[in-house]
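Heads up: the structure comes next, in structure tokens.
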């Protein structure tokens, strides 16, 4: 039976990805910094899923988790770096400690998980590392600057690691970046009234299950980068290519993003029992 590990899988997107992997026959290890949340999630998945507390900012802990799974299953087939944190705000007004936290979890956590997975995969010369980035990893987002910076770092690390594998002649190990639009998950549930988080509501609000389905497609057809939805990837790349124009358009873009944020809140209120 193939094996997989998902970080930040106590709920939201991580749980949806772990559930998808289990339905495809993987022996899944559900991990989260909250060990109890990981245990509950594994219980909800069933299908032989197990759990483990894991702090992605701890490189040694990530390495130990990878070795444990590889030793138990005979190989580590898939590692999904999903753990992440978002703390919106005007970047020059935020406490630098918040910036460090986002960098440690979103960027360094991705570095640690990728390295741990590769150490377990390289002896077998096969495996797939999937890094959940964000569209914020492609373009700077007002109100989410430090978050975007951390995701840009994770994106560079993902593509650069794949390039290093290929230049070393390693063809059986894949590294992919998944860049979704806003996802309705615990990360955004308390940000419906936060104007600094409006950028996360500026496009299409996705469900964790829809993103997990696209991740499933990567298992069948590995790609370096996918954006969800595809058209939003083209949209943000245009803004990234013309930063001067993008800066001038920011007031209009953010006004529309705030409108969408309020509209989504009203939609949820109408659906509430």
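The values are calculated or read from the model by the stated rules, or taken from the named source; none is laboratory data. From a predicted model like this one, the values you see are computed outputs, not experimental measurements. For neighbour counting, all protein chains shown are included, and Cβ atoms are generated from backbone atoms with ideal geometry for every residue, glycine included.
Results for (1) assigned to a helix (DSSP H, G or I); (2) touching a helix residue (DSSP H, G or I) at 6+ places or on another chain (Cβ under 7 Å); (3) farther than 30 Å from residue 70 by Cβ; (4) at pLDDT below 95, shown as yes or no for each residue.
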residue	(1), (2), (3), (4)
131	no, yes, no, no
141	no, yes, yes, yes
166	yes, no, no, no
177	no, yes, no, no
219	yes, no, no, no
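Could you say whether any residue in segment 186-193 is within 30 Å of residue 3 (Cβ to Cβ) and either touching a strand residue (DSSP E or B) at 6+ places or on another chain (Cβ under 8 Å) or assigned to a helix (DSSP H, G or I) (or both)?
Looking for residues that are within 30 Å of residue 3 (Cβ to Cβ) and either touching a strand residue (DSSP E or B) at 6+ places or on another chain (Cβ under 8 Å) or assigned to a helix (DSSP H, G or I) (or both), one finds at least one in segment 186-193, hence yes.
Applying the selection to segment 13-36, what residues are buried (at least 21 other Cβ atoms within 10 Å of the Cβ) and part of a helix (DSSP H, G or I)? Walk me through how you get there before you give the answer.
Initially, segment 13-36 is screened for residues buried (at least 21 other Cβ atoms within 10 Å of the Cβ), giving 13-21, 26, 28-32.
Hits for segment 13-36 are 13, 14, 15, 16, 17, 18, 19, 20, 21.
Looking only at residues that are buried (at least 23 other Cβ atoms within 10 Å of the Cβ) and either without any contact (Cβ under 8 Å) to a residue 40 or more places away in the chain or under 30 Å from residue 141 (Cβ atoms) (or both) in segment 52-73, which one is nearest to the chain's Cα centre (by Cα)?
For segment 52-73, the residue satisfying everything is 56.
If I ask for residues that are in a helix (DSSP H, G or I), over 17 Å from the mean Cα position of the chain (by Cα) and crowded, with 18+ Cβ neighbours inside 10 Å, which ones from segment 117-129 would you list?
118, 120, 121
State yes or no: is residue 109 in contact with a helix residue (DSSP H, G or I) (Cβ under 6 Å, 6 or more places away or on another chain) and crowded, with 18+ Cβ neighbours inside 10 Å?
no
Residue check: is residue 170 more than 19 Å from residue 144 (Cβ to Cβ), buried (at least 20 other Cβ atoms within 10 Å of the Cβ) and at pLDDT 95 or above?
No, not satisfied.
Which one of 67, 72 is in contact with a helix residue (DSSP H, G or I) (Cβ under 9 Å, 6 or more places away or on another chain), closer than 26 Å to residue 161 by Cβ and modelled with pLDDT of 95 or more?
From the options 67, 72, the qualifying one is 67.
Of 98, 76, which residue is assigned to a helix (DSSP H, G or I), touching a residue at least 40 places away in the same chain (Cβ under 8 Å) and farther than 20 Å from residue 211 by Cβ?
Going through 98, 76 in turn, the sole match is 98.
Looking only at segment 133-150, filter to residues that are touching a strand residue (DSSP E or B) at 6+ places or on another chain (Cβ under 7 Å) and more than 21 Å from residue 100 (Cβ to Cβ); which one of those is surrounded by the most Cβ atoms within 10 Å (Cβ to Cβ)?
Filtering first and then ranking leaves 135.
Go through (1) out of contact with any strand residue (DSSP E or B) (no Cβ under 9 Å at 6 or more places or on another chain); (2) surrounded by fewer than 15 Cβ atoms within 10 Å (Cβ to Cβ); (3) within 18 Å of residue 139 (Cβ to Cβ) one by one and return the number of the condition residue 234 breaks.
Among (1) out of contact with any strand residue (DSSP E or B) (no Cβ under 9 Å at 6 or more places or on another chain); (2) surrounded by fewer than 15 Cβ atoms within 10 Å (Cβ to Cβ); (3) within 18 Å of residue 139 (Cβ to Cβ), residue 234 violates only (1).
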